[in-house]
Each structure stands twice: as C-alpha cells, then as structure tokens.
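The values are calculated or read from the model by the stated rules, or taken from the named source; none is laboratory data. In this text, all values refer to a predicted model and were calculated from it rather than measured experimentally. Using ideal geometry, Cβ is built from the backbone for each residue, glycine included, and neighbour counts are taken over all protein chains shown. Accessible surface areas use protein heavy atoms only, side chains included; no ligands, DNA or RNA. Shrake-Rupley method; radii C 1.70, N 1.55, O 1.52, S 1.80 Å.
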Amino acid sequence: MGHHLFPPRGRRGRDRDRALASLFVVPTVAYVAALILGPMVLAVAFAVSDVTVADPTFDWAGLAGIERALADPVFWQALLNTCVITSLTTSLAVVGGNVVARLMLARVYGRWLVRLCVLLPWVTPVTVSSVAWLWMLDSVYSPLDWAGRQLGLLGVGESVNWLGRPSTAMASVVAVQAWRLTPLTAVIIMAGLVSIPRNIYEAARVDGAGRWLRARFMTVPLTAPIVAVAGLFCAVFTFSDMAVVRVLTNGGPTHSTEVLATLAFRRGIDGGDVAQGAAVALFLLPVLLAATLTILGLVRRMVAR
C-alpha cells in the first residue's frame, strides 16, 4: 500500500528537486556576492591602483602599493602584533570559556543570573565596552589603580600607566579582547558539553572511572572539535577587529599595539591613501584563510578518529 501511495521518483523528479534546491541557494549566493565578494574585489582593485581621497580617479599601479606596504617596517610590526594579540586572546578565551561553560552548567541557585552576567560582555556593543575599559584603564582615575592601592599592591599616590607603556598597553588590549570573546567560547563549549550523552558518563562511573579519567578520556576528546571551532571564531574576530585597539590605544605607544586593521584604516581613511590602505587590508585574507584551513583540518582529523 505504501508503495502505491509514495511511488518511486524517476529521473525527471530528481532533476526537478535539484533545480529547486539550486533555486533555494540563490539568495545565499547573492548575499555572499553582495556583502563579501563585492567588497573583496573592490579592495583588490584599489590595492593595484593609486586612488587617494584627493584624486579618486582609478589609474593602474600594479604591485607598487603592495611593495610599498612590504617595505614599511610599521606594516611588519602591525602583522606581528596582530598575530601575538590573536594567539594570546584565543588561548585565554578558550581556557576561560571552558571554565565559564562549566559554571553556566552548574546546578546552583540563580543560574539564570550567572548566564546573564556572562553574556553581557558579548551582547554589549564593542565600542561601548571599549570606552568603558578606556576609563577603567585611565592613568589618573583608574578604579583598578584605586583597588591596587587599597590592597597594598601599589603605594600611596602610585598608579600604573596602563595604556602609555608598550608592555602594559599590549596586555590591556589582550585582556579586553579576551574578556569580550570569552562569553562566545563559553556558549559554544557549553553546547558541546550538553550534547554529550549522559549515559556514557553513567556507564563510565559504574565501571569505576573517576572524575579525572572521565574528563581525560571522555570529555576532552568529545569536546575537542567544539573547542577548536570556538577558537577559530575567536581568532577570526580578533584578527579582523579594529575597534578595541582604535579606542584604547589607537595603535600606540610607538606602534606597539598597531594591528593590520588599524594600520589599514590609518593609511586609507585618516591618511587619505585609499590604495595603500587597501593593500595593507589585503594581507588579512591570506593569513585568515591559512589559519581557518589549519584549524578546520585539525577539526576534521579529530572527528575522523
């Protein structure tokens, strides 16, 4: 009876399904082309031109803009800073996200309030949170310095120039980026922890496996792909972010916190050299693509085991 109600579809029916599926994909392709591919092609066009704010006419310049960027020591400093900030931020956010994810899953009274407080850094606009941190790291009115004096960590009248020295400025940028992205990793890792079947842990507990063995041989392998994906999101967001550095340090002092995004903005918008700004921004793509392919390859290898 079921055979008569649902007869097998022939080649014409399968072709119709494929055509319909392709039609449904068209809006996504159009979205990618309009919002991603279009600006990317425009950036490549600007990078091989001599377009400036004063002279917007397009004249072919070849690789002169890219060679000029590679000859600039500030570019190499910005590239190094970008990689350092991304690596440190991703590491801190992943470790912190693991801890916060377990706190969000803990069966304690007021768990909803804990989850709300954890998500606040992520849902707050990045510029607003960066301005708040700019005040908290102020060299004169910093509440962190006041707390340090109250705890005896700083002398009377002593303060830390958080954003005025290269080492503390870099540490401040990394801390703010990690604070902002830890909620994202926590939510992703929490979803991975929730997806693990409880009966696996129950069977391991019955077999005598303690908490350490369950964490080492079950939780870590099962959540490793999820943690890697969370790290990928953190790396992409940090590598391409400009707002935190722009608001806190504007790349200073002496370009010690300059990143590729702020350098491209400084050259292209502040300096008016659109072609040079596009040439600097163009280097974001191959580095991000290499990092993405590497992490996705690791995830695929983890899942295949």
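So, Met170, is that one part of a helix (DSSP H, G or I) and free of Cβ contacts under 8 Å to residues at least 60 places away in the same chain or not? Show your work before the answer.
Details: part of a helix (DSSP H, G or I): yes; free of Cβ contacts under 8 Å to residues at least 60 places away in the same chain: no.
Taking the combined requirement at face value, the residue does not satisfy it.
Among (1) among the aliphatic types (A, V, I, L, M); (2) at pLDDT below 90; (3) over 25 Å from Ala228 (Cα atoms); (4) buried (at least 19 other Cβ atoms within 10 Å of the Cβ), where does Val140 come up short?
The one condition Val140 does not meet is (4).
Are any of the residues in segment 76-84 of a type in the set (Ser, Thr, Tyr) and exposed (fewer than 10 other Cβ atoms within 10 Å of the Cβ)? Steps first, please.
Here is the first cut: in segment 76-84, the ones of a type in the set (Ser, Thr, Tyr) are 82.
Next cut, exposed (fewer than 10 other Cβ atoms within 10 Å of the Cβ) only: none.
No: zero hits.
How many residues are touching a helix residue (DSSP H, G or I) at 6+ places or on another chain (Cβ under 7 Å), in a helix (DSSP H, G or I), open to solvent by less than 40 Å² (accessible area, probe 1.4 Å) and not aliphatic (A, V, I, L, M) if we restrict to segment 247-305?
Summing the residues that are touching a helix residue (DSSP H, G or I) at 6+ places or on another chain (Cβ under 7 Å), in a helix (DSSP H, G or I), open to solvent by less than 40 Å² (accessible area, probe 1.4 Å) and not aliphatic (A, V, I, L, M) in segment 247-305 gives 5.
Take segment 126-167 and flag every residue that is in a helix (DSSP H, G or I), over 18 Å from Cys83 (Cα atoms) and either among the basic types (Lys, Arg) or in contact (Cβ under 8 Å) with a residue 60 or more places away in the chain (or both). Explain how you work it out, then say what you get.
As a first pass, look at segment 126-167 and keep what is in a helix (DSSP H, G or I): 126-136, 143-150, 166-167.
In the following step, the residues that additionally are over 18 Å from Cys83 (Cα atoms) were identified as 126-136, 143-150.
Within segment 126-167, Val126, Thr127, Ser130, Val131, Trp133, Leu134, Arg149 meet the criteria.
Does segment 114-121 contain any residue that is modelled with pLDDT of 85 or more, more than 17 Å from the chain's Cα centre (by Cα) and hydrophobic (A, V, I, L, M, F, W, C)?
Looking for residues that are modelled with pLDDT of 85 or more, more than 17 Å from the chain's Cα centre (by Cα) and hydrophobic (A, V, I, L, M, F, W, C), one finds none in segment 114-121, hence no.
Inspect segment 214-230 for any residue being touching a Ser or Thr at 6+ places or on another chain (Cβ under 6 Å) and either surrounded by 23 or more Cβ atoms within 10 Å (Cβ to Cβ) or outside any loop (DSSP other than H, G, I, E, B) (or both) and give the result as yes or no.
yes
Which count do you get for residues in segment 143-162 that are of a type in the set (Val, Ile, Thr) and surrounded by 12 or more Cβ atoms within 10 Å (Cβ to Cβ)? Please lay out each step first, then the result.
Taking segment 143-162 and keeping what is of a type in the set (Val, Ile, Thr), we get 156, 160.
Subsequent filtering for residues that are surrounded by 12 or more Cβ atoms within 10 Å (Cβ to Cβ) retains 160.
Matching residues across segment 143-162 total 1.
What is the number of the single condition among (1) surrounded by 14 or more Cβ atoms within 10 Å (Cβ to Cβ); (2) in contact (Cβ under 8 Å) with a residue 60 or more places away in the chain; (3) closer than 30 Å to Arg267 by Cβ that Met104 does not meet?
(3)
Does Arg165 qualify as being crowded, with 19+ Cβ neighbours inside 10 Å and touching a Pro at 6+ places or on another chain (Cβ under 8 Å)?
Details: crowded, with 19+ Cβ neighbours inside 10 Å: no; touching a Pro at 6+ places or on another chain (Cβ under 8 Å): yes.
For Arg165, the condition - crowded, with 19+ Cβ neighbours inside 10 Å and touching a Pro at 6+ places or on another chain (Cβ under 8 Å) - is not met.
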